[in-house]
1. What translational diffusion coefficient, in µm²/s and rounded to a whole number, does the Stokes-Einstein relation yield for the range 25-110 at 37 °C and a viscosity of 0.692 mPa s, taking the hydrodynamic radius as the Kirkwood radius over Cα pairs?
2. What residue among GLY295, GLY139, GLY64 shows peak mean-square fluctuation when the chain is described by a Gaussian network model with Cα springs under 10 Å?
3. When the expected Rg is taken as 2.2 N^0.38 Å, what fraction or multiple of it is the alpha-carbon Rg of the range 84-144?
4. With θ taken as phi - 60° and the coefficients 6.51, -1.76 and 1.60, list the Karplus ³J(HN,Hα) couplings across the range 282-299 in order, rounded to whole Hz; mark glycine and proline as x.
5. How high is the FRET efficiency from GLN155 to GLU230, r the C-beta distance, R0 35 Å, rounded to 0.05?
6. Which of these, GLY222, GLY257, GLY66, has the largest mean-square fluctuation under a Gaussian network model of the chain (Cα springs below 10 Å)?
7. With each pseudo-label sitting 7 Å past Cα toward Cβ, what's the SER215-LYS58 distance in nm, one decimal?
8. What whole-number distance in Å separates the alpha-carbon centres of the range 141-160 and the range 63-106?
Amino acid sequence: MKLIYYNGFDLPDEGEAFKAIMPQAQVRRWQPGDAAPADYALVWKPPAEMLANRSDLKAIFNLGAGVDALMKMADRIPANVPIIRLEDAGMAEQMADYVSSAVLRYYRHLDDYQRQAMHQRWQPKWPASKQQFTVAVLGLGVLGRVIAKRLQQLQFPVLGWSRTKKNLDGVSCFSGDNELAACLAKARVVVCILPLTTQTTGILNRTTLSALPRSAYVINVGRGAHIVEEDLLALLQNGHLAGATLDVFQTEPLPSGHPLWQQHNVTITPHISAQTLLDDAYVQIAEKINRLDQGLPVSGVIDRNQGY
């Protein structure tokens, strides 16, 4: 069995780590010009050259949950080669931790207290009722469902929105373009964990963000392109939005001098809300390779028409 891999983070020991799980595999780091035969590819944000016209591959495994980088080159990948995403691999718990901590920070006014402390102000705020602090989760896939469940455990009312209708115990679910504004209008906090597709690019813009009640909060752990950054800034500056926690951006790293760095009510983190735990990921991939080699179906195969 021959595998090629490429990781945009350029971790040096990936091949050895995977071979420890699948000793029978011959693993090589892909280099430009490498067109030698391979059975499988393990990738994260690879160059298009690596996968273009590679009909010899039995499958391509994406080393993360988001497949938008691969979808941009999908027309160069043979249609008979399945693209398979990671399912959780330790990311759901991290994501739920990140989102719940951000929601609790806003609920308990910790962002306000941090700004007060910078000016040596002592000004207690009256606590809000959790029943008036509804959170809307946009995206009800594997990660979105875990986030919603965690927020429910913290006693926050939870709404959910997705492109197609979903059902989730205890969550008021909305779907489709016609129901997005109604969902946002009921939310004090909106959490974006949608897949990035042509339909969801720019989905949080001046119009949709304005549907949120005044003094609402935005948390984006999906992709930077989900938000029109200029529109978000305008609504933060005019007071319609009270704050935003952003882990992803249209350009990463966020450029020096970008106005988001200077916005006092924006919390910025460097795309760390959920990081792939490679050991867990490799175990999952190895299990799926074994199933594919036995002619058995696997989960996590991307629908190229939908983009996720």
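1. Rounded, D is 218 µm²/s.
2. In the Gaussian network model the winner is GLY295.
3. Here the Cα radius of gyration is 1.53 times the empirical estimate.
4. For the range 282-299, the Karplus curve yields 5, 4, 4, 5, 4, 4, 6, 4, 4, 5, 4, 5, 8, x, 9, x, 10, 8 Hz.
5. Computed FRET efficiency for GLN155 and GLU230 comes out at 0.50.
6. GLY257
7. Roughly 5.9 nm, to one decimal.
8. About 18 Å separates the Cα centre of the range 141-160 from the one of the range 63-106.
Every number here is computed from the coordinates shown, using simple stated rules; none is lab data. Predicted model, so just to flag it, every value in this text is computed and none were measured. With ideal geometry, Cβ positions are generated from the backbone for all residues, glycine too; neighbour counts draw on all protein chains shown.
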